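As structure tokens, the structure follows; a few thoughts come after it.
The values are calculated or read from the model by the stated rules, or taken from the named source; none is laboratory data. Please read all numbers here as calculations on a predicted model, not as lab measurements. Don't worry about glycine lacking a Cβ; one is built from the backbone with ideal geometry, like all the others, and counts go over all protein chains shown. SASA here: full protein model, heavy atoms, side chains in, ligands and nucleic acids out. Shrake-Rupley method; radii C 1.70, N 1.55, O 1.52, S 1.80 Å.
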Amino acid sequence: MLNKGQVWRQIAARLKPGAVVRTWSDRDGLGPEFRIDLITDSAVLITPLSTGKQRRLVQGSFDEVVDYRNSGSARSGLLTRNSSYSLGVLKHLELI
């Protein structure tokens, strides 16, 4: 079972600005690439390479994914667009 606090600490410690990551959904697998711009105490700023528009993934977005995965519903589709970015980060770091 994933622990939200541990997951966030791993993101903060191991995710590096400039890394290129791919979105992920349990239904469709790998998706478009995005770049990690900045990791703060409460969010990860990313830029999808397809749009160039920066997005903010707050810690709560990662917490939602952890809760979802822990619920046993991990194979029934995915929540929101931000969830596919959050899942991509977790897959990139091999946390899931």
>> Can you pull out the trypsin sites (Lys or Arg not before Pro) in region 36-74 whose DSSP state is coil and whose Cβ has at most 10 other Cβ atoms within 10 Å?
In response: Lys53
>> Tell me the carbon and sulfur percent of the accessible area for the chain, rounded to whole percent, probe radius 1.4 Å.
In response: 47 percent
> How much length is gained if the chain between Ala43 and Glu94 is pulled fully straight, taking 0.36 nm per residue apart and subtracting their Cα-Cα distance, in nm to one decimal?
Replying inline: 16.5 nm
> For Ala19 and Thr80 in one chain, what is 0.36 nm times their gap in residues minus the Cα-Cα distance, to one decimal in nm?
Replying inline: 19.7 nm
>> Suppose all protein chains stay in the model; what accessible area per residue would a 1.4 Å probe give for the chain, in Å²?
In response: 55 Å²
> In square nanometres, what is the average projected area of the Cα convex hull of the chain?
Replying inline: 5.3 nm²
> GluC sites (Glu not before Pro), restricted to the chain: which are DSSP loop and have at most 13 other Cβ atoms within 10 Å?
Replying inline: Glu94
>> Going Cα to Cα from Lys4, which aspartates and glutamates come in below 18 Å? Please leave out same-chain ones fewer than 8 positions away.
In response: Asp41, Asp63, Glu64, Asp67, Glu94
